[in-house]
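Okay, structure first, notes after.
The values are calculated or read from the model by the stated rules, or taken from the named source; none is laboratory data. Because the structure is predicted, anything quoted here is derived from the model rather than measured. Neighbour counts run over all protein chains shown; Cβ positions are idealised from the backbone, glycine included.
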């Protein structure tokens, strides 16, 4: 029984309750989106002097924010899967390394990690290059965006590892046993049987991670990446209008996160119907 | 009679402090139907799971169809030849009944999609539920799920079928439909090792009944002989409990 019909009954039951939370959530989301976009449009059209200027000034930063988030998240999905499988490995060395990774990352603030990758890591590489007499390493120059993505991926990869681990562990043991007893290797069973089921379980927390990553990407503004937050700061330092700048930047972030949340719900719903 | 297909020699297996198997040896011939009975905790399921190496054992030897279970390569080779049916069905929840039957054929046996589906459709018809091909396990009754699980194992063309309490999780009215499939298999000459307390099935199909207690085989005999005239006191006690109803 346990293997056959897990999440279906409760979820279907929920859908049949009139006025259940899902449609209520859609309403709230629409209202909020209309409110936020409306506010932004109102500000920009009625007071184009600071607001339209700010929008034009930070728009390339918006692109950087989206780019950094998207690239990081794709890499996080891959690193997280490797880390998650590592945390479940029977091999002690693999388990030890992945556990060490997760514990180190969890114990250090993301801001400090980003600063380390940008300011300290290149120096480590350069010193190493001098020590080993490898000129290419000694001349290593950090690209801010690359280092920022590295920092975000390193940190979020660890969190994602734990999500993958929990997702894989939530699949009943019998699924793996059945797959193995049909002659599948561990990796075949993971790929065809366990992960497709685990992904569905972890979609909601993964969506949350995406939104958290989107918001935390604002931290890369301290390591010379011209994202939306940094562009906002640049505009403010020349025009001295903090209220206008940060209100608009906040609204722009809100639009991004609202759309992301919607997308996550949509993907969740789609994968559920597929069952 | 026929040649040996499973050879188990002196297996010891422990779970932590519990000694699950203490020196079990058992030979199964090709085409034989062996039913293992015994009180819970006697090691019958563990023994069954050792045959396709779902459980590791500390010492002893098992060879299936002449292949010793000693390397990863051999274990996978053996698993292809040994079908396993579980108490809790363990159908792949994200796949339809048909896909449950085709996935291992395609991934492990490397069969083409059309070929795998042909085999699968024929097997679903054989277990009596061709109309459920495109239904997911969650929408099937327990008896239907177990029949799909049997068909899934058969799709790999195994030489041996292992059944681990296949009817214990079923409602009474569904037990028969599963046992009918198993009986038909036995009649076709499939080698079967079955852990079960279904006495009707055992009487009708078993060549040999094994009685296990505390990790050992206490005695073995054809069903009539064992049920009517057990030689051990422990067997008598156990049988009096399960035969009385």
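Might you let me know whether the range B:37-45 holds any residue that is away from chain A (no Cβ under 11 Å), in a strand (DSSP E or B) and crowded, with 16+ Cβ neighbours inside 10 Å?
Within the range B:37-45, the first condition is being away from chain A (no Cβ under 11 Å), and the residues that meet it are B:37-45.
Narrowing further to those that are in a strand (DSSP E or B): B:37.
Next, from what is left, pick out any that are crowded, with 16+ Cβ neighbours inside 10 Å: B:37.
So far as the range B:37-45 goes, yes, one or more of its residues are away from chain A (no Cβ under 11 Å), in a strand (DSSP E or B) and crowded, with 16+ Cβ neighbours inside 10 Å.
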Go through A:191, A:165 for me and flag whichever is under 30 Å from residue B:49 (Cβ atoms), more than 14 Å from chain B (Cβ to nearest Cβ) and out of contact with any strand residue (DSSP E or B) (no Cβ under 9 Å at 6 or more places or on another chain). A:165
Say whether the condition of being assigned to a loop (DSSP other than H, G, I, E, B), out of contact with any helix residue (DSSP H, G or I) (no Cβ under 7 Å at 6 or more places or on another chain) and within 14 Å of chain A (Cβ to nearest Cβ) is met by at least one residue in the range B:19-36. no
Determine whether the range B:47-54 contains at least one residue that is more than 16 Å from the chain's Cα centre (by Cα) and either surrounded by 14 or more Cβ atoms within 10 Å (Cβ to Cβ) or at negative phi (or both). no
Residues of the range A:111-129 being surrounded by fewer than 18 Cβ atoms within 10 Å (Cβ to Cβ) and either within 17 Å of residue A:213 (Cα to Cα) or in contact (Cβ under 8 Å) with a residue 40 or more places away in the chain (or both), in sequence order, are A:111, A:112, A:115, A:119
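Would you pick out the residues in the range B:88-108 that are facing chain A (nearest Cβ under 8 Å) and assigned to a loop (DSSP other than H, G, I, E, B)?
Scanning the range B:88-108 gives B:88, B:89, B:90, B:91, B:92, B:93, B:94, B:108.
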Matching residues in the range B:198-241 (within 25 Å of residue B:19 (Cα to Cα), surrounded by fewer than 16 Cβ atoms within 10 Å (Cβ to Cβ) and touching a helix residue (DSSP H, G or I) at 6+ places or on another chain (Cβ under 7 Å)) number 0
I'd like the full set of residues that are in a loop (DSSP other than H, G, I, E, B), touching a residue at least 40 places away in the same chain (Cβ under 8 Å) and farther than 18 Å from residue B:45 by Cα, limited to the range B:158-194. B:158, B:159, B:189, B:190
Return the total of residues in the range B:81-101 being surrounded by fewer than 24 Cβ atoms within 10 Å (Cβ to Cβ) and more than 15 Å from residue A:174 (Cβ to Cβ). 4
Looking only at the range A:253-267, decide whether some residue is crowded, with 21+ Cβ neighbours inside 10 Å and farther than 24 Å from residue A:84 by Cα. no
Count of the range B:109-119 residues which are more than 13 Å from chain A (Cβ to nearest Cβ) and in contact with a helix residue (DSSP H, G or I) (Cβ under 9 Å, 6 or more places away or on another chain): 5
Checking residue A:136 against (1) part of a helix (DSSP H, G or I); (2) buried (at least 17 other Cβ atoms within 10 Å of the Cβ); (3) more than 14 Å from chain B (Cβ to nearest Cβ), the condition it does not meet: (2)
Quick one: which of B:77, B:149 is in contact with a strand residue (DSSP E or B) (Cβ under 8 Å, 6 or more places away or on another chain), within 13 Å of chain A (Cβ to nearest Cβ) and at pLDDT below 95? B:77
Please go through the range B:126-143 and give me each residue that is more than 10 Å from chain A (Cβ to nearest Cβ), assigned to a helix (DSSP H, G or I) and within 21 Å of the chain's Cα centre (by Cα), ordered by number. B:126, B:143
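When you check residue B:208 against the structure, is it under 27 Å from residue B:66 (Cβ atoms) and within 14 Å of chain A (Cβ to nearest Cβ), yes or no? Walk me through it before giving the result.
Values: under 27 Å from residue B:66 (Cβ atoms): yes; within 14 Å of chain A (Cβ to nearest Cβ): no.
The answer is no for residue B:208.
Residues in the range A:70-104 that are in a helix (DSSP H, G or I) and closer than 19 Å to residue A:202 by Cα: how many? Reasoning before the result, please.
Of the residues in the range A:70-104, the ones in a helix (DSSP H, G or I) are A:70-87, A:92-104.
Of the ones still in play, those that are also closer than 19 Å to residue A:202 by Cα are A:70, A:72-87, A:102.
Residues flagged as in a helix (DSSP H, G or I) and closer than 19 Å to residue A:202 by Cα within the range A:70-104 amount to 18.
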Does the range B:110-132 contain any residue that is within 21 Å of residue B:197 (Cα to Cα) and either touching a residue at least 24 places away in the same chain (Cβ under 8 Å) or in contact with a strand residue (DSSP E or B) (Cβ under 9 Å, 6 or more places away or on another chain) (or both)? no
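Listed here are the residues, each with its yes/no results for (1) modelled with pLDDT under 95; (2) in contact with a helix residue (DSSP H, G or I) (Cβ under 9 Å, 6 or more places away or on another chain).
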| site | (1), (2) |
| --- | --- |
| A:123 | yes, no |
| A:130 | yes, yes |
| A:134 | yes, yes |
| A:142 | yes, yes |
| A:157 | no, yes |
| A:160 | no, yes |
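Looking at the range A:232-248, is at least one residue more than 14 Å from every other protein chain (Cβ to nearest Cβ), within 17 Å of the chain's Cα centre (by Cα) and more than 30 Å from residue B:139 (Cα to Cα)?
Narrowing the range A:232-248 to residues more than 14 Å from every other protein chain (Cβ to nearest Cβ): A:232-248.
Restricting the remaining residues to those that are within 17 Å of the chain's Cα centre (by Cα) gives none.
No, the range A:232-248 has no match at all.
Of the residues A:181, A:217, which is touching a strand residue (DSSP E or B) at 6+ places or on another chain (Cβ under 8 Å) and either under 30 Å from residue B:74 (Cα atoms) or away from chain B (no Cβ under 14 Å) (or both)?
Checking each option against the conditions leaves just A:181.
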Tell me which residues, restricted to the range B:1-18, are in contact with a helix residue (DSSP H, G or I) (Cβ under 9 Å, 6 or more places away or on another chain) and without any contact (Cβ under 8 Å) to a residue 40 or more places away in the chain. B:15
